[in-house]
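S.K.: Take a look at this one; I'll ask things after.
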Amino acid sequence: MKLFLHELRVQQLLFWRNREAAFFTFFLPIIFFLMFGSIYGGDYIKKEHVKGAPFLEAGMIGYGVASTAFAGLAITMVIRRETGVLKRIRSTPLPPATYIAAVLVSTFVTFLIEAALIIGIGSVLFDVAVPDRLLSLLAVLVIGSLAFAALGLALTGAVRSAEGSSAVVNFVYLPMAIVSGTFFSTRSYPQFLRAIADVLPLTYFTKMTRNVMIRNHHIWSELGSLGVVSLWGVIGVVVALRVFRWQPREA
Amino acid sequence: MKAVEVKGLAKSYGDHEALRGVDFSIEVGEVFGLLGPNGAGKTTTVEILEGYRRRDGGTVEVLGIDPAHGNSAWRRRVGVVLQSSSFYPALSVGESLRIFGRYYERPRDADEVAEIVGLSDKRDARVRTLSGGQKRRLDLGLALIGDPELIFLDEPTTGFDPGARRNAWDTIRNLRSLGKTILLTTHYLDEAEQLADRVAVLRRGSIIREGTPAELTGGAVDTEIRFLRDGAKVVEHTREPTRRLNELTAEAIARGEELDELEVLRPTLEDVYLELTAE
């Protein structure tokens, strides 16, 4: 436990020290919230029966889980693998499970700070009420970040080099974020995009986050979405266990 | 007591037999040099001993434990310098040493280790700003921070300038005097000659010679005799230097000549090595 807390602090230190990554994964959703919030935050989205600002606020939390837990984690871990940092970690007495647990919890801490900031900004700048169902929201964020972190670790198997990590990961996660309706309502999407959105985990994560935040749903009334996100999470874990490597690719 | 015992170690990558029955052992407190050209199997051997690679055959014991099943308690006793440097670039030298020190039960003092590897004045410098040689020294520092009994050094001075190499050698000699056991791989012969108590020469996955540097340079290789005859350079090679020298000098005395610029050169480890590893 002492080792875990030490490693958690180390992971947080590393995240905030790495300005580029912190900007990309942490601040980008906040900047998008400010941008799009000022563009259509005051509009009424008829198809969703909600104003733009609360709709976007929950959407940016969805975008945030994709950028911190999925994209950011995948890029970080590929770089650490290919530069030999993970290999070095394996030469120390730090148990691998403790290291991975600290990395995952650190990712969640970062995401939680981000979600709190988004909610704070929404409340101050866009007059969005702070959600009532905070425990349900917390549960949704925990499950979502675990599922996307597992998918992020699974994705590291598809990336061969540190140089290629940003390109590959962006190629996967940016279209996913848009198709899943984090910025715009999928109800106004053409049929083929909606068909894609219907299988993506981020669609369901964003949907249940919105229902909990805007419509005061309990987490147990979101079992369908929860099931889809969890199923993707399980797939992520199974694939990650098969493809995750500690050592760089052999030259 | 043996720190490392390797018997019949075999490893293949596909069709390529990287190691074909390697045997050697390292006594506690000994500096053992594993010498060989690139591709001979040095890194494969060391990484099996470090627990990074699985072997296909043979037995390996490192500090009495099969590295394929090395646990945290075992890793506390082993320090590893990999062939390529790897750090968190955003941390400083001091932070790196302290953070990695926390993984061990009884770490050495971070400032003291920075001193040992010659990075005292770089303690607050971010790792990304270090030169190649400084990074290599931090590699060594991170291997020493847990105060290990056994240290693996995979080509620790490759790419160093001569001054930095001398410093690294002093550090390694210093570790030896502290009673550490060291396995050193290198393709620099002078490095093995300078540092190792015993040397094994690896070629194409087999150990072709093993012994102290003096033993290796002792018998098998020709001694070189050089002198001037009628103003022209003569170079002779012989396995019996005493007898040949006697003949040469006797002839010269009989002719009433001087053997100008007479030199008798004992083979260096380099000569042995080149002869042994010649295809």
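Only the coordinates and a few stated rules stand behind these numbers; no lab work does. Owing to the predicted nature of the structure, the values given are computational and were not obtained by experimental measurement. Using ideal geometry, Cβ is built from the backbone for each residue, glycine included, and neighbour counts are taken over all protein chains shown.
S.K.: Which one, B:LEU228, B:GLY118, A:THR209, is farthest towards the positive end of the dipole of the protein assembly as shown when Lys and Arg carry +1 and Asp and Glu -1 on their Cβ?
M.R.: A:THR209
S.K.: Label chain A by shape, choosing from rounded, prolate and oblate, from the square roots a ≥ b ≥ c of the eigenvalues of the Cα gyration tensor; if a/c is under 1.5 it is rounded, and otherwise prolate applies when a/b is larger than b/c, oblate when it is not. Walk me through the numbers before you get to the answer.
M.R.: Numbers: a/c = 1.85, a/b = 1.66, b/c = 1.11.
Cα axes put chain A in the prolate bin.
S.K.: Within 10 Å of each Cβ in peptide B:75-86, how many partner chain Cβ atoms are there on average? Round it to a whole number, please.
M.R.: The mean count of partner-chain Cβ atoms within 10 Å per residue comes to 4.
S.K.: Moving on to the next point. Under 1.5 on a/c is rounded, so check that first for region B:223-277, then, if it is not, pick prolate when a/b is larger than b/c and oblate when it is not; a ≥ b ≥ c are the square roots of the alpha carbon gyration tensor eigenvalues.
M.R.: Here region B:223-277 falls in the prolate category.
S.K.: Would you mind checking the tilt of helix A:52-65 against the longest principal axis of the Cα atoms of chain A, expressed as 0 to 90 degrees and rounded to 10?
M.R.: The answer is roughly 10 degrees.
S.K.: Moving on to the next point. Please give the helix A:73-82 orientation as an angle from the longest Cα principal axis of chain A, in degrees from 0 to 90, rounded to the nearest 10.
M.R.: 20
S.K.: Would you mind telling me which residue in A:VAL168, A:VAL50, A:VAL159 has the biggest mean-square fluctuation in a Gaussian network model of chain A, where springs connect alpha carbons within a distance under 10 angstrom?
M.R.: The residue with the greatest mean-square fluctuation here is A:VAL50.
S.K.: I've got another one for you. Across peptide B:94-102, what mean number of C-beta atoms from other chains lies inside 10 Å of a residue's C-beta?
M.R.: The mean count of partner-chain Cβ atoms within 10 Å per residue comes to 3.
S.K.: Quantify how strongly other chains surround peptide B:46-59 by giving the mean number of their Cβ atoms within 10 Å of each of its Cβ atoms.
M.R.: Mean inter-chain Cβ contacts per residue within 10 Å come to 1.
S.K.: Pairing the Cα long axis of helix A:223-243 with the longest principal axis of chain A, what angle in degrees results, from 0 to 90 and rounded to the nearest 10?
M.R.: 20
S.K.: Just how many pairs of Lys in the protein assembly as shown have C-alpha atoms closer than 17 Å, counting pairs that are eight or more places apart or on different chains? Each step should come with its number before you reach the end.
M.R.: Values: A:LYS46/A:LYS207; A:LYS47/A:LYS207; A:LYS51/A:LYS207; A:LYS87/B:LYS135; B:LYS2/B:LYS180; B:LYS7/B:LYS42; B:LYS11/B:LYS42; B:LYS122/B:LYS135.
Summing the qualifying lysine pairs gives 8.
S.K.: If packing is taken as the average number of other Cβ atoms within 10 Å across a peptide's residues, how do A:180-187, B:102-109, A:11-18 rank, most packed first?
M.R.: Output ranking for A:180-187, B:102-109, A:11-18: A:180-187, A:11-18, B:102-109.
S.K.: Let me ask something else. Determine, for A:TYR44, B:TYR88, B:TYR273, the number of other Cβ atoms within 10 Å of each Cβ, and report the residues in order from fewest to most.
M.R.: Working: A:TYR44 11, B:TYR88 22, B:TYR273 25.
Taking fewest neighbouring Cβ atoms as first place, the list is A:TYR44, B:TYR88, B:TYR273.
S.K.: Treating the beta-carbon of each Lys and Arg as +1 and of each Asp and Glu as -1, no other charges, what is the dipole magnitude of the protein assembly as shown about its Cα centre, to the nearest 20 debye?
M.R.: My answer is approximately 2840 debye.
S.K.: Under a 10 Å cutoff between Cα atoms, tell me which one of A:VAL179, A:VAL65, A:VAL234 has the largest fluctuation in the Gaussian network model of chain A.
M.R.: Highest fluctuation among the options: A:VAL234.
S.K.: Turning to a different aspect of this structure: Give, in nm to one decimal, the length gained when the segment between A:ASP127 and A:TYR189 is fully stretched (0.36 nm per residue of separation minus the Cα-Cα distance).
M.R.: My answer for the length gained is 19.6 nm.
S.K.: On average, how much area does the Cα convex hull of chain B cover when viewed from any direction, in nm²?
M.R.: Mean projected area for chain B: 18.2 nm², to one decimal.
S.K.: Does the protein assembly as shown come out rounded, prolate or oblate, given a ≥ b ≥ c as the square roots of the eigenvalues of its C-alpha gyration tensor, rounded meaning a/c under 1.5 and, failing that, prolate meaning a/b above b/c?
M.R.: Judged from the Cα gyration tensor, the protein assembly as shown comes out prolate (a/c at least 1.5, a/b above b/c).
S.K.: Calculate how many DSSP beta bridges within the protein assembly as shown are antiparallel, expressed in % of all such bridges and rounded to the nearest 5.
M.R.: Roughly 65 percent of the DSSP beta bridges within the protein assembly as shown come out antiparallel.
S.K.: Same structure, new question: Treat every Asp and Glu Cβ in chain A as -1 and every Lys and Arg Cβ as +1, leave all other atoms uncharged, and give the resulting dipole magnitude about the Cα centre to the nearest 20 debye.
M.R.: Taking the Cα centre of chain A as origin, the dipole is about 560 debye.
S.K.: Here is a follow-up. Per residue of chain B, what 222 nm ellipticity follows from adding -39500 (n - 2.57) for every DSSP H run with n ≥ 4, rounded to the nearest 500?
M.R.: One gets -9500 deg cm²/dmol as the mean residue ellipticity at 222 nm.
S.K.: Of B:THR249, B:THR129, B:THR238, which has the largest mean-square fluctuation in a 10 Å C-alpha GNM of chain B?
M.R.: Among B:THR249, B:THR129, B:THR238, the largest GNM mean-square fluctuation belongs to B:THR249.
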